[in-house]
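Enquirer: Provided herewith is a single structure, encoded as structure tokens, for subsequent inquiry.
The values are calculated or read from the model by the stated rules, or taken from the named source; none is laboratory data. The structure displayed is predicted, hence computed values, not measured ones. As a convention, Cβ positions derive from the backbone with ideal geometry for all residues, glycine included, and neighbour counts pool all protein chains shown.
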């Protein structure tokens with residue numbers, strides 16, 4: 001199960017980053033907030049997704065001993 | 001593209017659709033649309049891929065390691081570069097010719113043939129509405145007190161490779177006046193000619209002074225004078241010059257080199273993109289929602305101004321003086337507030353203003369000279385120097401601060417400087433309107449206004465004795 005969610009989060013990272021990039025540029029063009037101000041959101045988002053990936057991945061390593069882990 | 005993904009085929013369908021649109025409806029400004037809306041392609045792409053991945057996960061199919069592969073990121077990068085360049089070129093510079101101008105370059109390989117259009121004249125009501133349909137070329141419309149007819153004449157230019165084609169095009173595009181109830185339609189029939197020839201016209205139209213004008217243009221200028229009705233101009237690319245208009249004015253342009261209006265009794269409503277704007281002696285409210293990148297000059301506006309731009313938004317109640325906006329600058333003199341000004345990056349200079357000023361600025365220097373009767377002032381700037389000139393002996397309650405920068409109290413008593421860790425604050429006053437100025441980074445200066453900076457208000461000190469030699 002952890003393996004699947006890990007893969008899933010890793011796979012959705014690209015599309016989410018793409019949506020965020022498109023949204024920030026669109027917001028700039030429609031005069032909401034300039035891309036020059038909002039670009040750090042992309043880095044934050046990337047960091048959050050990486051963190052999420054790690055959070056899901058870690059239990060797999062820890063639980064591989066006595067009980068789970070047979071899926072690897 | 002990933003095997004089993006629908007994105008690849010969709011991109012192909014999209015590209016095909018765009019080319020088809022260009023062929024079937026050439027009048028749609030496709031380049032403008034792509035330049036503005038390309039980020040939505042990225043959003044749609046990401047959204048579709050996200051749905052795909054979730055579907056695969058639900059159906060327990062193998063999920064790819066990366067949602068977007070390296071090659072696809074390269075394509076995204078390419079789209080960003082091309083889209084960003086198109087957007088910048090379309091909205092912020094003048095060197096990049098518009099879509100129609102490209103068409104013009106192609107057409108310029110032919111020769112131009114000139115013809116005189118047979119003049120037409122039809123009687124109409126004193127307050128009839130004159131509609132110029134789908135027009136390419138320049139039109140000069142003049143209202144006349146004595147006229148009881150609409151009279152149109154002019155010249156036509158046809159660009160073509162051969163004289164025969166040009167003659168044929170000229171025959172197919174007669175100038176017509178078509179009465180329809182209270183309306184009079186001026187039709188040039190320029191749509192009838194094929195793509196290989198292009199007809200443009202120079203029209204002189206005389207109308208009764210009470211008429212209203214409605215112009216739909218594709219390329220060319222409108223020059224309207226002495227008309228008491230409303231004026232409504234809608235064009236892909238036009239310069240508009242208006243003088244002595246009695247009614248409301250609405251101008252909606254996709255591109256323009258100049259919009260000039262002098263002496264309008266009604267309200268003015270401007271939309272779209274363009275460069276220079278010059279408005280003078282306007283009696284009605286002025287509302288502007290668009291992007292104008294050239295020199296902007298507004299003077300003597302009797303009713304409120306509402307200016308909404310992607311770069312700056314301004315509102316004030318009346319402009320007996322003038323406002324000038326250019327690249328990176330805003331200067332104004334003699335305004336009646338309350339004034340609200342919100343800008344991204346500008347150097348702001350405002351002198352002689354009343355009621356209240358609320359100014360929010362991201363970047364730029366601010367220079368305020370309010371004059372003798374002090375209004376309430378509130379200024380917030382993220383980065384830039386603030387300078388405030390106050391008349392000697394005026395009453396106010398001042399607090400001007402910088403988070404990081406120096407302060408200069410050139411006014412003296414009753415103001416005092418309070419140092420903070422990286423910045424400082426000038427506070428003090430003798431009771432009166434609140435003046436609040438703050439900048440995150442920059443110098444703050446408060447000084448005494450010199451005599452020539454003070455406007456000649458009735459209560460302003462005047463020299464008591466003339467200087468004798």
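Enquirer: Out of (1) assigned by TED's automatic domain parsing to the domain that holds residue B:115; (2) surrounded by fewer than 20 Cβ atoms within 10 Å (Cβ to Cβ); (3) modelled with pLDDT under 90, the odd one out for residue B:257 is which?
Expert: Status for residue B:257: all satisfied but (1).
Enquirer: What are the residues in the stretch B:49-71 that are within 30 Å of residue B:22 (Cα to Cα) and facing chain A (nearest Cβ under 8 Å), if any? Write out each step before concluding.
Expert: Here is the first cut: in the stretch B:49-71, the ones within 30 Å of residue B:22 (Cα to Cα) are B:49, B:71.
B:49, the sole residue that qualifies.
Enquirer: Also, I was wondering about something else. Going by the structure shown, is residue B:170 in contact with a strand residue (DSSP E or B) (Cβ under 8 Å, 6 or more places away or on another chain) and assigned to a strand (DSSP E or B)?
Expert: Numbers: in contact with a strand residue (DSSP E or B) (Cβ under 8 Å, 6 or more places away or on another chain): yes; assigned to a strand (DSSP E or B): no.
Here the answer is no, as residue B:170 does not meet what is asked.
Enquirer: Can you find a residue that is in a loop (DSSP other than H, G, I, E, B) and within 11 Å of chain A (Cβ to nearest Cβ) anywhere in the stretch B:20-38? Spell out the reasoning first.
Expert: Of the residues in the stretch B:20-38, the ones in a loop (DSSP other than H, G, I, E, B) are B:25-29, B:38.
Checking the rest, the ones that are also within 11 Å of chain A (Cβ to nearest Cβ) come to B:38.
Yes; the residues of the stretch B:20-38 include at least one that is in a loop (DSSP other than H, G, I, E, B) and within 11 Å of chain A (Cβ to nearest Cβ).
Enquirer: Could you identify the single residue in B:42, B:48 that is under 28 Å from residue A:31 (Cα atoms), in a helix (DSSP H, G or I), over 34 Å from the mean Cα position of the chain (by Cα) and at pLDDT 90 or above?
Expert: Details: B:42 fails: over 34 Å from the mean Cα position of the chain (by Cα).
From the options B:42, B:48, the qualifying one is B:48.
Each row is one residue, and each column tells you yes or no for (1) touching a strand residue (DSSP E or B) at 6+ places or on another chain (Cβ under 6 Å); (2) modelled with pLDDT of 90 or more.
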| site | (1), (2) |
| --- | --- |
| B:326 | no, no |
| B:333 | yes, yes |
| B:348 | yes, yes |
| B:402 | yes, yes |
| B:417 | yes, no |
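Enquirer: Against the definition (out of contact with any helix residue (DSSP H, G or I) (no Cβ under 6 Å at 6 or more places or on another chain) and within 21 Å of residue B:367 (Cβ to Cβ)), how does residue B:436 come out, yes or no? Quick ask: steps written out before the conclusion?
Expert: Numbers: out of contact with any helix residue (DSSP H, G or I) (no Cβ under 6 Å at 6 or more places or on another chain): yes; within 21 Å of residue B:367 (Cβ to Cβ): yes.
Yes; evaluated as a whole, the condition is true for this residue.
Enquirer: Determine if the stretch B:179-194 includes at least one residue that is buried (at least 21 other Cβ atoms within 10 Å of the Cβ) and part of a strand (DSSP E or B).
Expert: Scanning the stretch B:179-194 turns up at least one residue that is buried (at least 21 other Cβ atoms within 10 Å of the Cβ) and part of a strand (DSSP E or B).
Enquirer: Go through (1) facing chain B (nearest Cβ under 8 Å); (2) over 11 Å from the mean Cα position of the chain (by Cα) one by one and return the number of the condition residue A:17 breaks.
Expert: So the condition that residue A:17 fails would be (2).
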